[in-house]
1. Return the pairs, sorted by first residue and then second, in which the second residue is in a loop (DSSP other than H, G, I, E, B) and not polar (S, T, N, Q), the first residue lies in region 335-356 and is free of Cβ contacts under 8 Å to residues at least 12 places away in the same chain, the beta carbons are less than 6 Å apart, and the residues are 6+ apart or on different chains.
2. Could you pull out the residue among Ile134, Ile96, Ile105 that is out of contact with any Pro (no Cβ under 8 Å at 6 or more places or on another chain), of a type outside the set (S, T, N, Q) and outside any helix (DSSP H, G or I)?
3. With respect to the numbered conditions (1) surrounded by 12 or more Cβ atoms within 10 Å (Cβ to Cβ); (2) farther than 14 Å from Ser127 by Cα; (3) of a type in the set (Val, Ile, Thr), which one is the sole condition not fulfilled by Ile186?
4. Scan region 128-156 residue by residue and report those that are surrounded by fewer than 16 Cβ atoms within 10 Å (Cβ to Cβ), at negative phi and of a type outside the set (A, V, I, L, M).
5. Going by what's in this entry, would Ser446 be described as among the hydroxyl-bearing types (Ser, Thr, Tyr), within 29 Å of Gln303 (Cα to Cα) and under 26 Å from the mean Cα position of the chain (by Cα)?
6. What is the residue count in region 360-386 for residues that are in a helix (DSSP H, G or I) and touching a residue at least 60 places away in the same chain (Cβ under 8 Å)?
7. Determine whether Lys295 is at pLDDT below 80, under 30 Å from Gly390 (Cβ atoms) and surrounded by 11 or more Cβ atoms within 10 Å (Cβ to Cβ).
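The values are calculated or read from the model by the stated rules, or taken from the named source; none is laboratory data. Given the structure is predicted, the values throughout are model-derived calculations rather than measurements. Cβ: placed from backbone, ideal geometry, glycine included. Neighbour counts: every protein chain shown.
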Amino acid sequence: MHHSFNFKVIFRLVLILANMIVLSLIFGDMRLFFNQIILGITLVIQIIEMIRYINHTNKELAKFLLAIRHDDLAISFHKSKLGRSFRELHGSFEEIVNAIKSVKIEKEAQFQYLKLAVNRVNIGIISIENNQDIVLFNNSGKSLLSVQGINNLAILKEKVPQFVKEINAIGEEGRKLVELKVDGDIKTLSLDVKSMVMLDRSYKHITFQDIRGEIEQKEIEAWHKLIRILTHEIMNSITPISSLTETMQYMLEEGGRQKPLENLDDEVIKDIRFSLKTIQKRSDGMLTFIDDYRKLTKVAKPQQEHVSVKILFEEISLLMAPQLEKEDIRLSIHVTPDDMSIYMDAHLMEQVLINMITNSRHALKNRPGGTIHLKAYREPQVTIEVEDNGAGINEKEIKEIFVPFFSTKKEGSGIGLSLSKQIMHLHEGNIKVRSTPGKGTTFQLSFKR
């Protein structure tokens, strides 16, 4: 029969107490000197054994904590012979170990699932710790860069130096489109870099994908649109010129030979003069068209500096005021924060905004209560907006409005928005449009921070 821990402790205390009583009774009696030595040694042994016995709990706890520290979850606790309290302690230890095992198994399952998901996506993913160690490099990323077994940024730099150079050029956060030659194949990579700090460690996460196929498809579509519009514009000029030339030739010839001047009456001469003026007018139109095309291909490089957005808006408002007041259109300005500035070319950006306000002005023609809102804000992205409550743009036209020479206006050249988009790209920015027919249109200019 097992004795409880408490009984054993009391029993030991009684033996120690009895030993001490006997020792005290014979202490000093030289005849029992040898007995005193034996009792003294026995008392020391009893106290040491008592302390060891009581410290058994601490040893079990230390064993448990060390196992947890060294991630040894295979530890087991046998049923204690020291009584119920120790059995409860061992039971609690086993419950905690089993709970930790369950959590680790669940976390491992989640990790394996995420690892599988990351390796299945068609986007390259790289995670770099402290700008040195590569802690994550998925299969798509390795395939895109044609590398294997890379766990350090320095080694990746040796394999694909241009790729690492572009990442460093982006910095802590940003996006970029780069061309990269991998195994003799040109890839157009869309790079996206994000940085974060976690547990006093800095991480840089890079996602990238080859979008060359999509770009080529878009380029083909853009060329088709451009060729269609160019053909339309050129044919509008060439057809009447060709027709009038043929008509004049008919007037000046007879039987395949030149008519004598005396056979040309005033009416024929008048028709010829009119035809020549028309040809000259269409030729001038062609020259203007070519000049507009030249403008698209020769946009000056932006001379960027930090420009006060509010001052820029006020200057544009002052410039556009006479036309807007004449057409009873109100222009409102909203800048948040008030001292907001953007790194840009003020002259080029003024050109873009004037073009957009002009488009809004045309959309508000003959519409009462016409209003144009000129807005700027920093969050969530540095943005300028030109918003109107005009006629709006239908979905079909929205797809075409940035194509060179496409215009919904008879007198329009069709290069304003194309030029604006090109200027925004030179600023590493973007231009978007959203519109609801009958309610209005908003043009959004997004800038890099």
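1. Partner pairs satisfying both residue conditions: none exist.
2. Step by step, each of Ile134, Ile96, Ile105 is checked, and only Ile134 is out of contact with any Pro (no Cβ under 8 Å at 6 or more places or on another chain), of a type outside the set (S, T, N, Q) and outside any helix (DSSP H, G or I).
3. Failing condition for Ile186: (1).
4. Glu129, Gln132, Asp133, Asn139, Ser143, Gln148, Asn151, Asn152
5. Spelling it out, Ser446 is indeed among the hydroxyl-bearing types (Ser, Thr, Tyr), within 29 Å of Gln303 (Cα to Cα) and under 26 Å from the mean Cα position of the chain (by Cα).
6. Counting residues in region 360-386 that are in a helix (DSSP H, G or I) and touching a residue at least 60 places away in the same chain (Cβ under 8 Å) gives 2.
7. yes
A quick yes/no check of all residues on (1) in contact (Cβ under 8 Å) with a residue 40 or more places away in the chain; (2) surrounded by fewer than 12 Cβ atoms within 10 Å (Cβ to Cβ); (3) on the phi > 0 side of the Ramachandran plot:
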{"position": "Ala169", "(1), (2), (3)": "no, no, no"}
{"position": "Arg175", "(1), (2), (3)": "no, no, no"}
{"position": "Asp210", "(1), (2), (3)": "yes, no, no"}
{"position": "Ala222", "(1), (2), (3)": "yes, no, no"}
{"position": "Glu253", "(1), (2), (3)": "no, yes, no"}
